[in-house]
Amino acid sequence: MDQRFQELDSLRGIAALIVVFHHFLFILPAFKDDASPENLWIDLFTHTPLHILWAGHEAVIFFFILSGFVLSLPFFKEGREFNYTDYVVKRFFRIYIPYIVSIFIAILLRLIVEERGISGLSSGFNELWENAIDAGIILSHILFLGEYTTRTFNSPIWSLIHEMRISLIFPFVVMFMNKNKLWKTVGAAAACSLVAIVLIKLTGASSKSILYSFHYLLVFVVGALLAKYRFLLLELVDKFKVKNYALFIGGILLLTYPWWFFRDFRIIHVLDDWVIILGASCIILLAFTSKAFSRFLNLKTNLFLGKISYSLYLYHMLVLLPMVFLFYGKIHIVGIFSISLLLSIIVAAIAYYWVEEPSISWGKVAIRKLRERKLEIRQVSKPGLDETAD
């Protein structure tokens, strides 16, 4: 893999770690319920660009852009054939199999660990694992169908619903990009997002709604555009002498824009995700332009985080929740967070080597078997065609 793309993997790992920090702080009323507005330190880490340290939603937007970037690359290589069946099989084994394993582990944990309401923690935390388990909710999680609550087992999986939906249509979106001018691609994706946002506001759609998938399609498209035009963008950065520190500071300010820029004026925050997309794009460009940032992203710890990022995303809540339910009031919350972080990384590493890597290998085997089967069918059908011709 290209070194620069390894750096993007590291960015994915850092984004996953930010999601972990987000969910850790999410359980504290001071951060989730804004219960301590007079606390200077909490306000500093919540309503300033320092929010980047636990910007969970923004990190997910980052994931989507990186997915769009990586998934679109094969379409920009001349002479490379595309097989949709191979693509779907690969995505199924890469995303779905690790996901479904984590769901079954979450179900097992819910059956073993006695959840309870904890008055000292946030309302958001106390909504987790409170829904009853039944066959319907399990089936919904398995099939990715219905307007079910992801709080029943593993709340972060809401983003995977959109990842899978968009992945299925994304090849056709990139084909549209290749056949049309830039302004048509941007216009169509932006219009799709804007209409979805309006309908979401009017209907109060849940975060798993197909409307959100149409909105997040824009994020994937921006990732694909960054991949397609990356060399042109780098030339423009060089031509206009854009400083690396400007990309970094601008990226952080744009990523955290919803948290510090006139927060009480809601009308200017309707398109927050569009601003976040620009911020994420700045950071991705920085990974291509800054040698210092490149060296940082190529540190072994960051590369390792990138490798286990998907499993870290899947399992950190499955570590945190039992730890809180079992030890809150017995161990200081900082101790619970510290142990949970260490265990999350260990569990993610185990899941990567025991679930993700084998699943990727199974996907390759499945694709090879499908190709062999197609070849056999063609070879069997040829004699019949020849006899008919005779």
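Rule-based calculations on the coordinates, nothing more; no lab input. None of the values given here were measured: they were computed from a predicted structure. All Cβ positions, glycine included, derive from the backbone under ideal geometry; neighbour counts span all protein chains shown.
Please specify each residue of the range 329-376 satisfying the condition of being charged (D, E, K, R) and touching an Asp or Glu at 6+ places or on another chain (Cβ under 9 Å).
The one that is charged (D, E, K, R) and touching an Asp or Glu at 6+ places or on another chain (Cβ under 9 Å): ARG371.
Suppose the filter is surrounded by 19 or more Cβ atoms within 10 Å (Cβ to Cβ), polar (S, T, N, Q) and in contact (Cβ under 8 Å) with a residue 24 or more places away in the chain; does SER294 pass it?
For SER294, the condition - surrounded by 19 or more Cβ atoms within 10 Å (Cβ to Cβ), polar (S, T, N, Q) and in contact (Cβ under 8 Å) with a residue 24 or more places away in the chain - is not met.
Give GLU130, GLU115, GLU163 a once-over and let me know the one that is in a loop (DSSP other than H, G, I, E, B) and either of a type in the set (S, T, N, Q) or surrounded by 15 or more Cβ atoms within 10 Å (Cβ to Cβ) (or both).
GLU115
Can you say whether LEU375 is touching a residue at least 12 places away in the same chain (Cβ under 8 Å) and in a helix (DSSP H, G or I), as far as the supplied structure shows?
Spelling it out, it is not the case that LEU375 is touching a residue at least 12 places away in the same chain (Cβ under 8 Å) and in a helix (DSSP H, G or I).
Yes/no per residue for (1) surrounded by 13 or more Cβ atoms within 10 Å (Cβ to Cβ); (2) out of contact with any Gly (no Cβ under 7 Å at 6 or more places or on another chain); (3) farther than 20 Å from PHE304 by Cβ:
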position	(1), (2), (3)
LEU343	yes, yes, no
ILE346	yes, yes, no
ALA351	yes, yes, no
VAL355	yes, yes, no
PRO358	yes, yes, no
ALA366	yes, yes, yes
LYS369	no, yes, yes
LYS374	no, yes, yes
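Checking the conditions here, which among GLY56, GLY79, GLY68, GLY117 is at positive phi and small (Gly, Ala, Ser)?
Result: GLY79 is the single residue among GLY56, GLY79, GLY68, GLY117 that is at positive phi and small (Gly, Ala, Ser).
For the subset of the range 195-221 comprising residues that are among the hydrophobic types (A, V, I, L, M, F, W, C), assigned to a helix (DSSP H, G or I) and without any contact (Cβ under 8 Å) to a residue 12 or more places away in the chain, which member is surrounded by the fewest Cβ atoms within 10 Å (Cβ to Cβ)?
LEU202
Only one of TYR245, TYR315, TYR257 is over 19 Å from VAL186 (Cβ atoms) and surrounded by fewer than 18 Cβ atoms within 10 Å (Cβ to Cβ); which?
Among TYR245, TYR315, TYR257, only TYR245 is over 19 Å from VAL186 (Cβ atoms) and surrounded by fewer than 18 Cβ atoms within 10 Å (Cβ to Cβ).
Residue check: is GLY79 loosely packed, with under 14 Cβ neighbours inside 10 Å, among the small types (Gly, Ala, Ser) and in contact with a strand residue (DSSP E or B) (Cβ under 8 Å, 6 or more places away or on another chain)?
Criteria not met by GLY79.
Select from the range 300-344 the residues that are part of a helix (DSSP H, G or I), of a type in the set (A, V, I, L, M, F, W, C), more than 16 Å from PHE26 (Cβ to Cβ) and free of Cβ contacts under 8 Å to residues at least 40 places away in the same chain and list them in ascending order.
PHE327, ILE339, LEU342, LEU343
Do any helices (runs of 4 or more DSSP H) entirely within the range 222-262 hold 1 or more residues that are under 15 Å from ILE284 (Cα atoms) and not basic (Lys, Arg), and if so, which?
230-239, 244-255
Report the residue count in the range 180-193 for those that are without any contact (Cβ under 8 Å) to a residue 24 or more places away in the chain, in a helix (DSSP H, G or I) and surrounded by fewer than 17 Cβ atoms within 10 Å (Cβ to Cβ).
Of the residues in the range 180-193, 4 are without any contact (Cβ under 8 Å) to a residue 24 or more places away in the chain, in a helix (DSSP H, G or I) and surrounded by fewer than 17 Cβ atoms within 10 Å (Cβ to Cβ).
Consider SER140 against the criteria (1) out of contact with any helix residue (DSSP H, G or I) (no Cβ under 6 Å at 6 or more places or on another chain); (2) in contact (Cβ under 8 Å) with a residue 24 or more places away in the chain; (3) among the hydroxyl-bearing types (Ser, Thr, Tyr): it satisfies all of them except one. Which criterion is unmet?
(2)
Could you check how many residues of the range 166-179 are crowded, with 18+ Cβ neighbours inside 10 Å and either free of Cβ contacts under 8 Å to residues at least 24 places away in the same chain or small (Gly, Ala, Ser) (or both)?
Total satisfying the criteria: 1.
When you scan the range 59-79, do you find a residue that is in contact with a Ser or Thr (Cβ under 6 Å, 6 or more places away or on another chain), of a type outside the set (S, T, N, Q) and part of a helix (DSSP H, G or I), even just one?
Yes, the conditions are met somewhere in the range 59-79.
Can you name the residue in the range 273-330 that is under 19 Å from the mean Cα position of the chain (by Cα) and small (Gly, Ala, Ser) and, of all such residues, is nearest to ASN154 (Cα to Cα)?
Among them, the one singled out is SER311.
Suppose we keep only residues that are among the polar types (S, T, N, Q) and out of contact with any Leu (no Cβ under 9 Å at 6 or more places or on another chain) within the range 47-76. Which one would you say is surrounded by the most Cβ atoms within 10 Å (Cβ to Cβ)?
Ranking the candidates gives SER67 first.
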